[in-house]
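Here is the structure we will look at, set down as structure tokens.
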Amino acid sequence: LQDQFDNLEKHTQWGIDVLEKYIKFVKERTEIELSYAKQLRNLSKKYQPKKNSKEEEEYRYTSTRAFLATLNEMNDYAGQHEVISENMTSLITGELTRYVQELKQERKSHFHDGRKAQQHIETCWKQLEASKRRFERDCKEADRAQQYFEKMDADINVTKADVEKARQQAQLRHQMAEDSKAEYSSTLQKFNSEQHDHYYTHIPNIFQKIQDMEERRIVRIGESMKTFAEVDRQVIPIIGKCLDEITKAAESIDHKNDSQLVIEAFKSGFEPPGDIDFEDFTQPMKRTVSESSLSNSRGDGKSEPKFGSKSKGKLWPFIKKNKGAGPEDFSNLPPEQRRKKLQQKVDELNKDIQKEMDQRDALTKMKDVYIKNPQMGDAASVDQRLAELGQNIEKLRLEVQKFEGWLAEVEGRLPMRTEQARRQSGLYEAQNTSAVNSCAQDRESPDGSYTEEQSQETEMKVPATDFDDEFDDEEPLPTIGTCKALYTFEGQNEGTISVAEGEMLYVIEEDKGDGWTRIRRNEDEEGYVPTSYVEVYLDKNAKGA
């Protein structure tokens, strides 16, 4: 491989890259283990019973005690994943990071020696070439001087002094050629000796050191992989013990005992009622209390209308959603749907900004670490990425400003309904008038979406009296919280209700994604208002809150 110096240099660099890639892999594995452990701990904490609450009473049953034991064991289970992360960090990433730095220094030293040896042999070769060219030049000059001398000596018209001068010049050139010959011979012997040492001593020694270094790297990464598996294997017995405890807790569940606890908790001690006596109405006698109460409870089969009947014939002031790709500002959508889309876009952009800022903060911390500990890495290597993140954040902020401008424009126009919305609302009123007695239409969701099947249902006609009686028996929806009107809203369409700024009202139905909240002022007044016009305070104990 004496002529493959450059390829060996590339290969050893590739080996270091592989080692660094493995370090990065183990680091990401440790981060996953920590994140998993954290999520397990949070999960266990989330389902732990709250102190001084009704949940603590529920844990007297064997099934719930087993669940509590499972939560505790999951907490210990999470701890073992933290141990995996800690051991991998200390035994693999920490050790390999230091080893990589040493490996880079050793590689740099070996290839520096190799380049130095190459430069030396190249210098010797240049000296040999120069000596050879000088010897060749001096020989030619000596030949020309000898020929000139012989020409002068043969010419009878040349003076003796000129002949002598030519002879001396020829002798001088001949001596210079001899000296050059001796120097060339000496340089050639020296070069052959240097070349032999270069290819049979220096380069083999350097390549042997590089080979030893590369083999140590290969052995080291193999040992790290064994450690990677061993760290996992060490916690398997403890994890197995946690799982055994969960199994033991499950086996400790006693269904008979739990049933007995329920009986003890809810039994009243009253005896079952006896037989009911026969009452003879053929004799003139006063009606019994039971008969009076029964007839009073049943009455004439007609009860007073309840508030639920107010929902009969309810009309929704919404229009159908447009499908397909639209303009960037969603101007093809109705105002409320457009507001929701714009708000969603703003939220997505803000999340992207936060993600970019988190990356920038992490890189900034990494740069600070590199500045304080140069052996960990080059601080300047993250500058380009930091600049890119800064540009991305600025672009995202400009996008947020653009969409927030459109959002402000939409929210500023929402109190005033457009002519198109009025016409669309009128269309739905006409449809609903023809189908006011359809139960399916009355229960339609206020998200503005209508299917073909529902449209067919609206064409079915049912006697109004039966439909009214059905709604007369409905109970009014319970309140699930309160709300405060932030702005004045004029409810001009059926199904809506007008509110004044600052007014406090009851919430009976949350926003289901259509931008409208159902509220109640008193027993006779309720309807829908835009969710953005009120501030809602839900009752935590309410069902579905």
| With the dipole of the stretch 335-413 worked out from charges on the C-beta (+1 for Lys and Arg, -1 for Asp and Glu) around the Cα centre, which of GLN344, GLN359, LEU396 lies farthest toward the positive end? | GLN344
| request: Might you work out the accessible area of HIS120 for me, using a 1.4 Å probe with all protein chains in place, and round it to the nearest 10 Å²? | output: 90
| request: Note down the nm distance, to one decimal, between modelled labels 7 Å out along Cα→Cβ at ASN157 and at ARG521. | output: 14.2
| query | Ordering ASP6, ASP258 by how much accessible area each has at a 1.4 Å probe, largest first, what is the list? | reply | ASP6, ASP258
| request: Give the Rg (one decimal place) followed by the Dmax (whole number) of the stretch 335-413, computed from C-alpha coordinates and expressed in Å. | output: 17.8, 60
| message | Amide H of GLY481 versus every other amide H placed in the peptide plane: which residues, excluding those fewer than 5 positions away on the same chain, fall under 5 Å? | response | VAL507, ASP539
| task | Return the long-range amide H neighbours of THR488 (sequence gap of 5 or more, or a different chain), with a cut-off of under 5 Å between placed amide H atoms. | result | GLU501
| Cα-based radius of gyration of the stretch 4-259 once divided by 2.2 N^0.38 Å, which approximates compact folds | 2.31
| request: Could you work out how far the C-alpha centroid of the stretch 166-185 sits from that of the stretch 346-411, in angstrom? | output: 77
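With the cut-off at 1.5 for a/c, could you classify the stretch 481-538 from its C-alpha gyration tensor as rounded, prolate or oblate?
Verdict is rounded for the stretch 481-538.
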| field | In sequence order, calculated HN-Hα J values of the stretch 476-486 (Karplus, 6.51, -1.76, 1.60; Hz; x Gly/Pro) | value | x, 5, x, 6, 10, x, 10, 8, 10, 6, 7
| task | Can you pull the one-decimal nm distance between simple spin-label points at MET357 and ASP258, each 7 Å off the Cα toward Cβ? | result | 4.8
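The values are calculated or read from the model by the stated rules, or taken from the named source; none is laboratory data. What you are looking at is a predicted structure, and each value in this text was computed from that prediction instead of being measured. Heads up, the Cβs are rebuilt from the backbone with ideal geometry, glycines too, and the neighbour counts pull from every protein chain shown. Ligands, DNA and RNA are stripped out before the accessible areas are found, and what is left, the full protein with its side chains, is counted by its heavy atoms. Shrake-Rupley method; radii C 1.70, N 1.55, O 1.52, S 1.80 Å.
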